[in-house]
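Right, one structure below, let's go through it.
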Amino acid sequence: MASQSSRRLRALAVVAAGSLVALSATTAVAAAGNPATTGSGTSTSTTEYAIGVPECTAPAPGDAQCFAMRRVVVSKGTFGARAFHPLASSAAASSNGVTRGPGGGYTPADLASAYGINPASGGTGQTVALVDAFNDPNITLNLNSFDSHYGLPAETASSFRVVGQTGTSTLPANDTTGWSTEESLDVDTVRGLCHHCKIILVEANSQSQTDLGLSVNEAVKLGATEISNSYGYPEQNDPSQPTDPNEIADYTHPGVVMTVSTGDDGWYDYDFIDAINSPDQPSTLPGVIGVGGTTLNLTPAGRRASETVWNDNGPYDVNEQGFGAALGATGGGCSTLYTAPAWQHHVAGYGSLGCATMRSPADISADADYLTGYDIYDTFADHAGDGGGWETIGGTSLASPIIAAMWALAGGAHGMAHPAATLYGHSGAHSPFYDVTVGGNSWCEAQAVCQLGGSTLNSNGAAGLVDCATNAAGVSLSDTGQCDAEPGYDGPTGLGAPNGLSEFRPATPTARISAPAHVLTRKTAKFSGAKSSDPYPGGEITKYTWSWGDGSKPSTGAKASHRFTKAGKHTVRLTVSDSYGQTGTTTTKVTVKNKKKKK
């Protein structure tokens with residue numbers, strides 16, 4: 001498979017040849033942007049302009065790339081620049097209940113307020129591991145500077161550890177490719193949102209699939225309860241580069257929360273304008289929690305005003321591709337390798353993806369937009385223009401540690417062998433998620449009318465697939481939930497964005513007892529638990545256990561019969577277990593009367 005760098009060069013050739021042209025009038029309006037919506041309610045009236053710069057350089061084939069994107073303020077008219085209103089100054093904002101980071105982006109307090117959490121409450125006993133590549137020699141000093149700024153205690157040998165991929169103090173070579181900024185983003189995000197969590201940074205020897213996988217396994221050995229992975233690479237669907245057979249095992253550890261960013265290059269990585277289309281793994285692996293990216297806007301009081309699909313691509317991408325740096329959009333698309341786990345395949349809305357039985361990466365989403373971004377402290381100059389202290393960073397690299405930290409606040413996996421299923425147990429009518437219904441991660445960004453190269457979308461074979469509105473032949477499709485946000489579950493954002501911590505705690509089956517109206521001693525009474533239900537898509541009740549409250553042995557089965565020998569009130573208890581290992585219990589009071597003797 002071609003490397004990402006060579007794929008981008010192919011994209012430049014396509015642009016130079018004039019294959020990408022202006023879109024229709026409908027989409028051109030969207031391309032103009034609406035800066036008033038960025039940072040809505042927390043911003044000043046001043047308009048500034050910025051581009052997003054990927055922190056990590058393009059990797060070689062078989063290697064991963066981190067998904068951190070740095071906000072770089074530029075002058076108006078710079079190709080690809082997005083307009084935004086900077087957040088109000090700290091002094092002005094504090095009276096309104098919002099804050100502003102030293103670099104001008106969001107702070108831990110902003111994210112905590114938006115997502116309804118208290119970083120100082122919870123997390124004790126949880127260890128969040130962050131897997132990255134190469135060494136940042138300043139990482140402990142940087143994290144302590146971050147802590148000091150926000151009034152948090154200095155790190156100790158217990159609260160924060162840095163180890164190599166073998167779990168020892170032998171660390172890899174110092175970074176030269178951008179991963180050190182990713183490391184600062186990861187640790188600052190987790191510490192900012194989970195004050196009492198222990199943090200382990202595992203530095204892989206390289207950004208190869210093998211070394212990163214070994215680092216994940218080492219994090220598990222070191223006792224990690226949550227592991228965040230803010231990196232990825234296109235699925236290896238080229239026969240010359242088969243998937244690493246150990247990869248599923250590397251990222252499948254029962255009882256460990258495994259969050260993975262879905263990527264920064266849009267639906268099917270169309271940023272690269274390549275006929276080879278696929279989403280990014282390891283986010284497509286069945287057992288991980290795929291984390292997509294959103295644009296988070298706050299009110300003056302610091303609450304969430306809105307959250308939409310993060311997408312700075314599409315019309316904007318025409319300009320950016322010509323200069324070799326794509327703006328970024330949350331990743332997605334149907335896996336070319338892995339089938340969807342039962343909890344995803346059976347969730348309401350999965351059918352609108354058009355993925356048949358294949359995995360869709362995003363299970364949940366969080367803030368990833370670099371225009372507001374999250375302020376981190378980074379002093380290691382791994383490459384030009386970096387290492388200057390406070391920086392505003394976005395990308396789905398931000399979203400993954402947000403979710404890992406929140407899961408730790410909620411107490412971890414709670415014994416759930418497949419923590420990803422936990423989210424889907426809350427997908428019913430009263431879902432606690434914030435439902436993201438605006439935007440998309442494809443070329444058109446949920447716009448109804450647009451064209452590529454003067455022809456119908458996807459019909460230009462050199463460009464590959466760029467939008468799920470049509471198939472490769474240019475025929476319109478109705479299953480656009482694969483790349484467009486919809487009410488409920490969808491491809492770009494999964495189940496939605498966090499809204500408190502309840503969605504990170506396992507739901508339990510609901511046990512229901514149907515009991516006879518009259519129960520007599522020495523006469524068989526029939527009970528049923530058939531109306532019990534399981535909250536998990538694809539789940540089912542597998543065991544029913546009855547306790548009769550009279551000292552007799554328990555019974556099993558959805559339907560059970562019992563003879564009471566003594567009159568009085570008895571508490572009948574039904575415990576049900578489901579196929580995910582969760583249990584639910586209910587009781588009912590049964591009044592037993594003596595059976596009248598025949599005269």
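The values are calculated or read from the model by the stated rules, or taken from the named source; none is laboratory data. All values derive from a computational prediction rather than experimental measurement. Neighbour counts run over all protein chains shown; Cβ positions are idealised from the backbone, glycine included. Just the protein is used for accessible areas: all its heavy atoms, side chains included, with ligands, DNA and RNA removed. Shrake-Rupley method; radii C 1.70, N 1.55, O 1.52, S 1.80 Å.
The condition (being open to solvent by 10 Å² or more (accessible area, probe 1.4 Å) and of a type in the set (Gly, Ala, Ser)) is satisfied by just one residue among Ala362, Ala381: Ala381. Restricting the search to the range 416-430, which residues are more than 19 Å from Ser577 (Cα to Cα) and crowded, with 19+ Cβ neighbours inside 10 Å? Passing the criteria: only Ser427.
Please work out if Tyr544 is open to solvent by 30 Å² or more (accessible area, probe 1.4 Å) and in a strand (DSSP E or B).
yes
Got a number for residues in the range 547-599 being β-branched (Val, Ile, Thr), open to solvent by 80 Å² or more (accessible area, probe 1.4 Å) and not in a loop (DSSP other than H, G, I, E, B)? Spell out the reasoning first.
Step one: of the range 547-599, the residues β-branched (Val, Ile, Thr) are 556, 565, 571-572, 575-576, 583, 585-588, 590-592.
Retained after the next criterion (residues that are open to solvent by 80 Å² or more (accessible area, probe 1.4 Å)): 556, 565.
Still in the running and not in a loop (DSSP other than H, G, I, E, B): 556.
Final tally of qualifying residues: 1.
State all residues of the range 152-170 that are open to solvent by less than 70 Å² (accessible area, probe 1.4 Å), assigned to a loop (DSSP other than H, G, I, E, B) and at negative phi; if no residue qualifies, say none.
Leu152, Glu155, Ser158, Ser159, Gln165, Thr168
Mind listing just one residue for me: the one in the range 225-253 that is among the aliphatic types (A, V, I, L, M) and open to solvent by 20 Å² or more (accessible area, probe 1.4 Å) and, of those, modelled with the lowest pLDDT?
So, considering only residues that are among the aliphatic types (A, V, I, L, M) and open to solvent by 20 Å² or more (accessible area, probe 1.4 Å), the one modelled with the lowest pLDDT is Ile248.
Just a yes or no: is a residue in the range 500-508 over 30 Å from Thr396 (Cβ atoms) and out of contact with any His (no Cβ under 8 Å at 6 or more places or on another chain)? Taking every residue of the range 500-508 in turn, at least one turns out to be over 30 Å from Thr396 (Cβ atoms) and out of contact with any His (no Cβ under 8 Å at 6 or more places or on another chain). Remark: pairs (first residue in the range 142-160, in contact (Cβ under 8 Å) with a residue 40 or more places away in the chain; second residue open to solvent by 80 Å² or more (accessible area, probe 1.4 Å) and assigned to a strand (DSSP E or B); Cβ separation under 8 Å; 6+ apart in sequence or on different chains) = Ser158/Lys198; Ser159/Lys198; Phe160/Lys198.
Taking the conditions (1) out of contact with any strand residue (DSSP E or B) (no Cβ under 7 Å at 6 or more places or on another chain); (2) over 17 Å from Glu55 (Cβ atoms); (3) assigned to a loop (DSSP other than H, G, I, E, B) in turn, Gly351 satisfies each one other than (3). Can you confirm whether Thr508 is of a type outside the set (A, V, I, L, M, F, W, C) and either part of a strand (DSSP E or B) or surrounded by fewer than 14 Cβ atoms within 10 Å (Cβ to Cβ) (or both)? Here the answer is no, as Thr508 does not meet what is asked. Pairs are defined by a Cβ separation below 9 Å, a sequence spacing of at least 6 or placement on different chains, a first member in the range 415-427 that is under 13 Å from Ile289 (Cβ atoms), and a second member that is open to solvent by 40 Å² or more (accessible area, probe 1.4 Å) and basic (Lys, Arg); the pairs so defined are Thr422/Arg505. For the range 260-281, the criterion of being hydroxyl-bearing (Ser, Thr, Tyr), under 20 Å from the mean Cα position of the chain (by Cα) and at pLDDT 95 or above is met by at least one residue.
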